[in-house]
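Asks: Have a look at this one.
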Amino acid sequence: MASARTIFEKIWDNHVIYTRENGPSLLYIDRHLVHEVTSPQAFDGLRLNRRKVRRPDLTFATMDHNVPTTARSLPIVDQISATQIRTLAQNCKEFGIPLFDMQSPDQGIVHVIGPELGITLPGTTIVCGDSHTSTHGAFGAFALGIGTSEVEHVLATQTLWLDRPKTFAINLEGLRKNNHAVTAKDMILHVIRTIGTAGGTGYVFEYRGTAVSDLSMEQRMTICNMSIEGGARAGLVAPDNKTFDYLQDRRYAPKGDDLDKAIEYWKGLQTDASATYDKSVTFDVGQLAPQVSWGTNPGMVVSVSDSVPHPDEYARGNENERKAALRSLEYMALKAGTPITDIKVDRVFIGSCTNSRLEDLVEASLVVKGRHVSPSVRAMVVPGSQHVKTAAESLGLDKVFIDAGFEWRESGCSMCLGMNPDILAPGERCASTSNRNFEGRQGTGGRTHLVSPVMAAAAAIKGHFVDVREWL
Amino acid sequence: MEPFAILRSKATPLDRVNVDTDQIVPKQFLKLIHRTGFGKYLFYDWRFDSDGKPRKDFVLNDKKYAGRKILLARDNFGSGSSREHAAWAIEDYGFRAVIAPSFADIFYNNCFKNGLLPVRLAVEDVDYLFKNDVEITIDLSKQTVSIPSKTMHFEVDEFRKKLLLEGLDSIGLTMQLEKEISRYEREKQMFPPSDKIFI
Ligand code: SF4
């Protein structure tokens, strides 16, 4: 019997093909997801060297970063985006890769459709040329973002060289007081605020504890999604009955006897009782409040009931961090000491691979129903995928949002990074359910505050942040 | 890829922590489908104002630093998005090495694929370089950074070092392990789409 291992170590061991002495290991990759932005140069590299895609059957492509979120019947106005989208279609055709294109009912943000279609499975290795690949870890997979050269490497060889990351247990204990107002997003923002944006560099997070078991699959995806904002290579949650239930009847997941066998195997994918982690940290979520970011990195976060911190208080003696905080306040046009609930917003964005799944939209609709968006705010909802969109429409959510004054869009990354026309104007302030508040992320000069879907919805109604615990 | 020989240059100091890849190459330039020519977009929103004119207060616009081949940075350089465009832009601009106390993981990996050497030095050493504008020599094969007053050692794994020193194509190297990969697929591959489970 091998010595006690964590779930991550089990997945790692199962995938090692070869290890170089004092060097990286070659891992087999079970699923490779491809999108239009980080792949064209990889396909070019293959052509240049006359190489093929080794396993097109393990590779899946979609278009999400660039796509307009206006009606699909309209042409793409931005010609450079149109070229990138067309290039992906040509590459998929040439190399025999299945593609969920803009007209497909399966199209959506790559990290939303992977789980939805059952491409994401426990115990697998999953890569994509996108840092938020960590989302798929919610199923107990080792899922990580890679660069374009690595995309080319995986296309050609179905393998990846990796140094084994260290393990980091993030224990989330206790139960939230108000499950609607205090969400998975608040939990992960709080974690990042505490450990810092480089706290996980070189590690894989394993989220554990009562507060994690308590979460639905979609909420676990929200948590794992932002592992990268904590600097981690990946983040995962061990699979349980919720995971297995989710996978029933998903298109690419095993079915019937195969599924039963798979579940038997997946049940063993737990961290052994006596296994140890390289690092661990424990949080009690019992007292957690909704979180709001005030600065220009995802560690600059406070509770909604607090005020914008003073740079000294934030930096705790680190001069470089103090300078960064000063710079952030200037960029964000905020004064230390301002109550968060006094901050007015111009725009509201509900979407992105962090928070654009059905549950997110259902929860946000509870806040919106029967109310109206503040006249000074422009608000939009961008479902994560076409399946999320149609499911939401069959529940009548589109009507709830539209009646309240929200725009209801087609699926894509949209204003999470503003590669399509959905961007902030310089100086505009946005309550956003996405994952990054970097300078200019949502548009040059735009100011982003990261929040949960219910917090974003409430800010849209009031025109400033509100403590949504008072509403739900 | 050009092999990495000994590099001699002064450094261009970028005195900010947590520089993310959204700043290194803003998203509006990610729509391009080629790999070259990204140098002109490096730190675009910091370098140019909204009219596209160079901002005087940004270090890359200071003539004093023109032509330098080493970028000196602070903690957690290259965090955020996985975009390899960040490494392409730094390399295309003319840098061959980045020195910082720490790097984000994906960015660190991306550098090696593009002939760019990321060097981790102790915080005190990086501080010293920020304060003293001296000639720096980076010798990858010896893993040293030398300045007139001292020589510092840095860590880099053997495999990456070899790739960079020899300018090798890592895909070609991996393909030499074809037998091992095929054996893995026969014996251990999990959940191929045919839904046959091999465990
Ligand atoms: S929604 Fe945002 S974070 Fe997610 S994949 Fe798209 S651009 Fe990246």
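Asks: Would you check which residues across the stretch B:1-25 are over 15 Å from A:THR197 (Cβ atoms) and either modelled with pLDDT under 95 or open to solvent by 20 Å² or more (accessible area, probe 1.4 Å) (or both) and list them?
Replies: Within the stretch B:1-25, B:MET1, B:GLU2, B:PRO3, B:PHE4, B:ALA5, B:ILE6, B:ARG8, B:LYS10, B:PRO13, B:ASP15 meet the criteria.
Asks: Could you please tell me which pairs satisfy a Cβ distance under 9 Å, a separation of 6+ or placement on different chains, a first residue in the stretch A:118-131 that is over 19 Å from A:LEU247 (Cβ atoms), and a second residue that is in a loop (DSSP other than H, G, I, E, B) and away from the ligand (no atom under 16 Å from the Cβ)?
Replies: A:VAL127/A:ILE29
Asks: Separate question: Inspect all residues belonging to the stretch B:62-73 and state whether any of them is modelled with pLDDT of 95 or more and within 14 Å of another protein chain (Cβ to nearest Cβ).
Replies: Yes, the conditions are met somewhere in the stretch B:62-73.
Asks: Quick one: A:GLY200 ticks every box in (1) crowded, with 23+ Cβ neighbours inside 10 Å; (2) small (Gly, Ala, Ser); (3) touching a residue at least 60 places away in the same chain (Cβ under 8 Å) bar one, so which box is it?
Replies: Tallying (1) crowded, with 23+ Cβ neighbours inside 10 Å; (2) small (Gly, Ala, Ser); (3) touching a residue at least 60 places away in the same chain (Cβ under 8 Å), A:GLY200 fails exactly one: (3).
Asks: Could you pull out every one of the strands (runs of 3 or more DSSP E) wholly within the stretch B:78-153 that has 3 or more residues that are within 11 Å of the chain's Cα centre (by Cα) and at pLDDT 95 or above?
Replies: Fully inside the stretch B:78-153 and qualifying: B:97-100, B:117-120.
Asks: Before we move on, is B:LEU30 under 30 Å from A:GLY299 (Cβ atoms) and in contact with a Ser or Thr (Cβ under 6 Å, 6 or more places away or on another chain)?
Replies: No.
One line per residue, one yes/no per condition, for (1) under 25 Å from A:THR120 (Cβ atoms); (2) away from the ligand (no atom under 16 Å from the Cβ); (3) without any contact (Cβ under 8 Å) to a residue 12 or more places away in the chain:
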residue	(1), (2), (3)
A:SER39	yes, no, no
A:VAL53	yes, yes, no
A:PHE60	yes, no, no
A:LEU74	no, yes, yes
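Yes or no, residue by residue, for (1) of a type in the set (D, E, K, R); (2) crowded, with 23+ Cβ neighbours inside 10 Å; (3) away from the ligand (no atom under 12 Å from the Cβ); (4) modelled with pLDDT of 95 or more:
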residue	(1), (2), (3), (4)
A:ASP346	yes, no, yes, yes
A:CYS353	no, yes, no, yes
A:ALA431	no, yes, yes, yes
A:LEU450	no, yes, no, yes
A:ALA456	no, yes, yes, yes
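Asks: Looking at the stretch A:147-167, can you tell me whether even one residue there is within 16 Å of the ligand (Cβ to nearest atom), more than 8 Å from every other protein chain (Cβ to nearest Cβ) and buried (at least 24 other Cβ atoms within 10 Å of the Cβ)?
Replies: Looking through the stretch A:147-167, at least one residue is within 16 Å of the ligand (Cβ to nearest atom), more than 8 Å from every other protein chain (Cβ to nearest Cβ) and buried (at least 24 other Cβ atoms within 10 Å of the Cβ).
Asks: Among the candidates B:PHE29, B:PHE38, which residue alone is more than 9 Å from chain A (Cβ to nearest Cβ), open to solvent by 10 Å² or more (accessible area, probe 1.4 Å) and under 30 Å from A:GLN79 (Cβ atoms)?
Replies: B:PHE29
Asks: Considering only residues of the stretch B:1-26 that are among the β-branched types (Val, Ile, Thr) and more than 30 Å from B:GLY172 (Cβ to Cβ), which is farthest from the other protein chains (Cβ to nearest Cβ)?
Replies: It comes out as B:THR12.
Asks: Please specify each residue of the stretch A:284-300 satisfying the condition of being part of a strand (DSSP E or B) and more than 21 Å from the chain's Cα centre (by Cα).
Replies: A:ASP284
Asks: Could you identify the single residue in A:ALA184, A:ALA141 that is of a type in the set (Gly, Ala, Ser) and either within 11 Å of chain B (Cβ to nearest Cβ) or over 16 Å from the mean Cα position of the chain (by Cα) (or both)?
Replies: That would be A:ALA141, the only listed residue that is of a type in the set (Gly, Ala, Ser) and either within 11 Å of chain B (Cβ to nearest Cβ) or over 16 Å from the mean Cα position of the chain (by Cα) (or both).
Asks: Taking A:THR83, is it more than 16 Å from the ligand (Cβ to nearest atom), within 12 Å of another protein chain (Cβ to nearest Cβ) and not charged (D, E, K, R)?
Replies: Taking the combined requirement at face value, the residue satisfies it.
Asks: Identify, by number, the condition in (1) surrounded by fewer than 24 Cβ atoms within 10 Å (Cβ to Cβ); (2) in contact (Cβ under 8 Å) with a residue 60 or more places away in the chain; (3) of a type outside the set (Val, Ile, Thr); (4) within 11 Å of chain B (Cβ to nearest Cβ) that A:CYS413 doesn't meet.
Replies: Among (1) surrounded by fewer than 24 Cβ atoms within 10 Å (Cβ to Cβ); (2) in contact (Cβ under 8 Å) with a residue 60 or more places away in the chain; (3) of a type outside the set (Val, Ile, Thr); (4) within 11 Å of chain B (Cβ to nearest Cβ), A:CYS413 violates only (1).
Asks: Got a number for residues in the stretch A:428-437 being assigned to a loop (DSSP other than H, G, I, E, B) and away from chain B (no Cβ under 11 Å)?
Replies: 3
Each row is one residue, and each column tells you yes or no for (1) touching a residue at least 12 places away in the same chain (Cβ under 8 Å); (2) surrounded by 24 or more Cβ atoms within 10 Å (Cβ to Cβ); (3) more than 26 Å from A:ARG357 (Cα to Cα).
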| position | (1), (2), (3) |
| --- | --- |
| A:PRO24 | yes, no, yes |
| A:GLU36 | yes, yes, no |
| A:HIS65 | yes, yes, no |
| A:SER81 | yes, no, no |
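Asks: Also, quick follow-up: In this structure, does A:GLY317 turn out to be more than 10 Å from every other protein chain (Cβ to nearest Cβ), modelled with pLDDT under 95 and part of a loop (DSSP other than H, G, I, E, B)?
Replies: yes
Asks: Would you pick out the residues in the stretch A:387-408 that are open to solvent by less than 30 Å² (accessible area, probe 1.4 Å) and either assigned to a loop (DSSP other than H, G, I, E, B) or among the polar types (S, T, N, Q) (or both)?
Replies: A:GLY396, A:PHE406 - these are the residues of the stretch A:387-408 that are open to solvent by less than 30 Å² (accessible area, probe 1.4 Å) and either assigned to a loop (DSSP other than H, G, I, E, B) or among the polar types (S, T, N, Q) (or both).
Asks: Okay, moving on. Among the candidates A:GLY440, A:GLY418, A:GLY445, which residue alone is buried (at least 24 other Cβ atoms within 10 Å of the Cβ), part of a loop (DSSP other than H, G, I, E, B) and not polar (S, T, N, Q)?
Replies: On inspection, the qualifying residue turns out to be A:GLY440.
Asks: Restricting attention to the stretch A:257-272, does a residue exist that is assigned to a helix (DSSP H, G or I), within 13 Å of A:GLY137 (Cβ to Cβ) and either more than 12 Å from every other protein chain (Cβ to nearest Cβ) or modelled with pLDDT under 95 (or both)?
Replies: Checked the stretch A:257-272: no residue is assigned to a helix (DSSP H, G or I), within 13 Å of A:GLY137 (Cβ to Cβ) and either more than 12 Å from every other protein chain (Cβ to nearest Cβ) or modelled with pLDDT under 95 (or both).
Asks: If B:MET175 satisfies every condition in (1) out of contact with any helix residue (DSSP H, G or I) (no Cβ under 7 Å at 6 or more places or on another chain); (2) free of Cβ contacts under 8 Å to residues at least 24 places away in the same chain but one, which is the exception?
Replies: (1)
Asks: In the stretch B:108-123, is there at least one residue being hydroxyl-bearing (Ser, Thr, Tyr) and surrounded by fewer than 20 Cβ atoms within 10 Å (Cβ to Cβ)?
Replies: Looking through the stretch B:108-123, none of the residues is hydroxyl-bearing (Ser, Thr, Tyr) and surrounded by fewer than 20 Cβ atoms within 10 Å (Cβ to Cβ).
Asks: For the stretch A:376-399, how many residues meet the condition of being free of Cβ contacts under 8 Å to residues at least 60 places away in the same chain and more than 18 Å from A:SER452 (Cβ to Cβ)?
Replies: Number satisfying all stated conditions: 9.
The values are calculated or read from the model by the stated rules, or taken from the named source; none is laboratory data. These numbers come from a predicted model, not from an experiment. A quick note on method: Cβ atoms are made from the backbone with ideal geometry, for glycine too, and the neighbour counts reach across all protein chains shown. In case anyone asks, the SASA skips ligands and DNA or RNA and just uses the protein heavy atoms, side chains included. Shrake-Rupley method; radii C 1.70, N 1.55, O 1.52, S 1.80 Å.
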